[in-house]
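*Asks:* This structure is in structure tokens; I'll ask about it shortly.
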Amino acid sequence: MAIQTEQIGSIPRPASLITAIAAFHADQLSAAALEEEYAKALRETIERLEQTGSPVITDGEQTKPSFATYALTGLTNLAPDGVVIPFADGHIRQLPRLTRGPFRYGVHAARYLKAARGHTQRPIKQAVISASAMSLLYPSQEIPGFPREAFVADLVAEAREDIRGALSAGAASVQIDFTEARLSLKLDPKGGLLRSFVGLNNQVLEGFTPEERRHIGVHVCPGGDHDSTHSADVDYADLLPELFKLNVGRFYLQMASEPDRKRVLATVKQVLGPDHLVFIGVVDPINPEIETPEQVRDRILEAASILPLDQLGTTDDCGFAPFADDISTARETAFSKIRSRVEGTELAARELGI
């Protein structure tokens with residue numbers, strides 16, 4: 001395919017897996033039985049993604065508790081009363097709070113990549129959580145014996161290892177999930193929080209060569225959970241100039257659900273560097289209507305009229321189920337939307353003569 005296309009990451013879990021997770025937490029299912037359900041869901045998800053024609057796939061995040069908290073699995077130095085993230089429909093997500101040092105990841109993303117590799121020969125993209133999102137675990141009051149500076153040093157090392165481990169395990173690309181970027185401008189419209197987030201993530205990226213950074217990207221969106229968002233009212237024009245200071249080669253941008261795509265794409269053109277590859281969202285996971293390949297094609301042609309064609313790729317606006325309990329999008333709908341993206345990208349490439 002002449003125009004690259006990739007999914008963001010998560011796919012809605014099968015109903016059988018969601019039921020099994022609930023049963024396990026209610027002490028009605030053994031850990032071994034739950035592992036069998038995870039393995040079954042992973043295998044089936046990869047098979048279904050291959051059937052869509054996707055040239056690059058993910059594991060659908062079937063075995064992650066969420067895109068944001070997988071790295072915290074098994075940790076014992078956390079309390080549940082951390083930062084609260086409010087969504088437009090009134091529901092919230094709450095991060096845990098770090099109670100003591102040192103800070104180490106309980107799980108690194110390479111584990112998921114290695115498990116997926118056993119089911120496919122296609123290139124696999126691995127998503128990782130951003131260091132800036134993990135920085136929200138540290139409380140506002142200093143932890144005795146573990147100052148914030150020590151936490152940041154631990155965090156940078158762990159986040160860097162998360163990316164490096166995935167690359168070493170054979171990831172075709174590594175996507176840093178940075179959905180808090182847009183939210184940060186809602187919390188701090190002057191941009192200080194966003195600048196600090198970008199600076200922290202760039203500390204992590206300093207550990208990679210220019211060639212390695214060509215395979216590292218960043219994803220931003222206004223959140224997407226239970227068909228609601230946390231920062232869709234934040235203007236992309238306020239986000240993109242700072243976002244493109246991240247030292248990565250790939251940018252995965254929510255775009256299908258933007259009310260004025262041409263204006264946003266014009267802003268992207270202004271900040272786009274010569275070595276950047278931009279994947280624009282051409283399907284909207286929150287919208288239950290399944291896009292046709294022709295609709296996808298037209299969105300790509302719109303983008304191609306503004307952005308350099310050799311720097312353009314396509315993706316989904318967001319993951320389809322970033323948290324394990326999110327059942328707002330049907331599993332079949334997700335696969336249908338992905339198939340439309342793949343087919344629409346092919347249609348656009350033919351029309352563009354590439």
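Read-outs throughout are calculated quantities, based only on the coordinates presented, and are distinct from any laboratory measurement. What you see is a predicted model; the values in this text were computed from it and never measured. Cβ atoms come from the backbone with ideal geometry, glycine included; neighbour counts cover every protein chain shown.
Yes or no, residue by residue, for (1) closer than 14 Å to Ile129 by Cα; (2) surrounded by 20 or more Cβ atoms within 10 Å (Cβ to Cβ); (3) of a type outside the set (S, T, N, Q):
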position: Arg164; (1), (2), (3): yes, no, yes
position: Ala172; (1), (2), (3): no, no, yes
position: Leu183; (1), (2), (3): no, yes, yes
position: Leu187; (1), (2), (3): no, no, yes
position: Gly192; (1), (2), (3): no, no, yes
position: Ser196; (1), (2), (3): no, no, no
position: Gln203; (1), (2), (3): no, no, no
position: Thr209; (1), (2), (3): no, no, no
position: His215; (1), (2), (3): no, no, yes
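*Asks:* Among the listed residues Leu301, Leu272, Leu347, identify the single one that is more than 30 Å from Thr63 (Cβ to Cβ), without any contact (Cβ under 8 Å) to a residue 60 or more places away in the chain and in contact with a Lys or Arg (Cβ under 6 Å, 6 or more places away or on another chain). So that I can check it myself, show each step before the final result.
*Replies:* Working: Leu301 fails: in contact with a Lys or Arg (Cβ under 6 Å, 6 or more places away or on another chain); Leu272 fails: in contact with a Lys or Arg (Cβ under 6 Å, 6 or more places away or on another chain).
Criteria check complete, one pass: Leu347.
*Asks:* So, one more: Mind listing just one residue for me: the one in segment 233-266 that is touching an Asp or Glu at 6+ places or on another chain (Cβ under 9 Å) and among the hydrophobic types (A, V, I, L, M, F, W, C) and, of those, nearest to Pro308 (Cα to Cα)?
*Replies:* Checking each candidate, the answer is Leu265.
*Asks:* Answer yes or no: is there a residue in segment 275-286 that is surrounded by 24 or more Cβ atoms within 10 Å (Cβ to Cβ) and part of a loop (DSSP other than H, G, I, E, B).
*Replies:* Looking for residues that are surrounded by 24 or more Cβ atoms within 10 Å (Cβ to Cβ) and part of a loop (DSSP other than H, G, I, E, B), one finds at least one in segment 275-286, hence yes.
*Asks:* Is it true that Gly101 is buried (at least 22 other Cβ atoms within 10 Å of the Cβ) and touching a residue at least 12 places away in the same chain (Cβ under 8 Å)?
*Replies:* No, not satisfied.
*Asks:* Looking only at helices (runs of 4 or more DSSP H) that lie completely in segment 117-198, which have at least 3 residues being of a type outside the set (Gly, Ala, Ser), touching a helix residue (DSSP H, G or I) at 6+ places or on another chain (Cβ under 7 Å) and closer than 28 Å to Leu253 by Cβ?
*Replies:* Answer list for segment 117-198: 148-168, 180-187.
*Asks:* Looking for whichever is surrounded by fewer than 18 Cβ atoms within 10 Å (Cβ to Cβ), under 24 Å from Asp225 (Cβ atoms) and either free of Cβ contacts under 8 Å to residues at least 12 places away in the same chain or not aliphatic (A, V, I, L, M) (or both) here; the options are Asp310, Asp317, Asp325. Which one fits?
*Replies:* None of the other options fit; the residue is Asp325.
*Asks:* Sticking with this one: Mind listing just one residue for me: the one in segment 113-154 that is touching a residue at least 60 places away in the same chain (Cβ under 8 Å) and basic (Lys, Arg) and, of those, surrounded by the most Cβ atoms within 10 Å (Cβ to Cβ)?
*Replies:* Ranking the candidates gives Lys125 first.
*Asks:* Considering only residues of segment 24-46 that are small (Gly, Ala, Ser) and surrounded by 15 or more Cβ atoms within 10 Å (Cβ to Cβ), which is farthest from Leu113 (Cα to Cα)?
*Replies:* Taking segment 24-46 and keeping what is small (Gly, Ala, Ser), we get 26, 30-33, 39, 41.
Retained after the next criterion (residues that are surrounded by 15 or more Cβ atoms within 10 Å (Cβ to Cβ)): 39, 41.
On the way: Ala39: 13, Ala41: 15 Å.
It comes out as Ala41.
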